[in-house]
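The values are calculated or read from the model by the stated rules, or taken from the named source; none is laboratory data. Given the structure is predicted, the values throughout are model-derived calculations rather than measurements. In this analysis, Cβ positions are derived from the backbone assuming ideal geometry, glycine residues included, and neighbour counts consider all displayed protein chains. Keep in mind that these areas ignore ligands, DNA and RNA; they rest on the heavy atoms of the full protein, side chains included. Shrake-Rupley method; radii C 1.70, N 1.55, O 1.52, S 1.80 Å.
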Amino acid sequence: IQVFLNLPQDHEILRAWGVAYSALAQIFIDTESAVYCQNAEMKGGWLGFKPFKISKIVQETQDIKSFYLIPEDGQLVDFQAGQYVGVKLLNVADGYDAIRQYSLSSMPGENYYRITVKAESNDPENKGIVSNLLHNYTVGDVLYLQPPTGDFVLVNQDKHRVFIAGGVGITPLLSMLQHSLKEGGNANITFIQAVRNKEHHLMNEWFKRSEERRVGKEC
């Protein structure tokens, strides 16, 4: 803003902008801290990151894997279908840790968390450093997770629900779908998943096992 307006460094507009920016930043900091504290106070909750061991890995498609995660301390906080977790990998590059957010593709009430991750390769510079590194993890390796959070959740009890997903974007909706089936059977639930072809049909085996419920539709 200083360069754009050609103002001196001590101009009152810049000072006012600095005050407004600091106030706005503090609002976000306080809001984030309140979410962390709320998560820590929940039954089984915690503050910050804690270790989870990979108990199972499923190759869903050529470039997508599901990771089943068990807390090392045995304490697992429940979540709402559609929420996500922050995942930290240690010493990813130049000694720095990396944090990414992944939707939980499992349904609430299980004794594990599941994240379903696509190994990204669209960026010619880094080719999805974290997702590709995660794909090299094996059973027994440890990830560090924050408690589940997020507002993209089911907010009503409507009997007719329509879910539309494309590719790996299915992950939060899959959690919602499983929760809906558990809570209300298969009445009036329509699920549409768009994929490039059968080889990219994420969770294909799960849909096959659930075929009698008629919850899956490939486009």
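Points worth noting:
- Test: residue in segment 138-161 that is of a type in the set (A, V, I, L, M, F, W, C), closer than 19 Å to residue 39 by Cα and assigned to a strand (DSSP E or B): yes
- Some residue of segment 143-158 being surrounded by fewer than 18 Cβ atoms within 10 Å (Cβ to Cβ), over 30 Å from residue 47 (Cα atoms) and among the aliphatic types (A, V, I, L, M): no
- Among the residues making up segment 120-136, a single one is at pLDDT below 90, surrounded by 14 or more Cβ atoms within 10 Å (Cβ to Cβ) and more than 13 Å from residue 92 (Cβ to Cβ): 120.
- Being in contact (Cβ under 8 Å) with a residue 60 or more places away in the chain, within 15 Å of the chain's Cα centre (by Cα) and open to solvent by 70 Å² or more (accessible area, probe 1.4 Å) holds for only one residue in 84, 102, and it is 84.
- Among the strands (runs of 3 or more DSSP E) confined to segment 3-93, the ones with at least 3 residues that are at pLDDT below 90 are located at 84-93.
- Considered as a group, the residues in segment 1-60 that are among the β-branched types (Val, Ile, Thr) and in contact with a Ser or Thr (Cβ under 9 Å, 6 or more places away or on another chain) include one that is farthest from residue 147 (Cα to Cα), and that residue is 58.
- Candidates 162, 139, 168 - the one that is in contact (Cβ under 8 Å) with a residue 24 or more places away in the chain, open to solvent by 50 Å² or more (accessible area, probe 1.4 Å), β-branched (Val, Ile, Thr) and closer than 30 Å to residue 93 by Cα: 139
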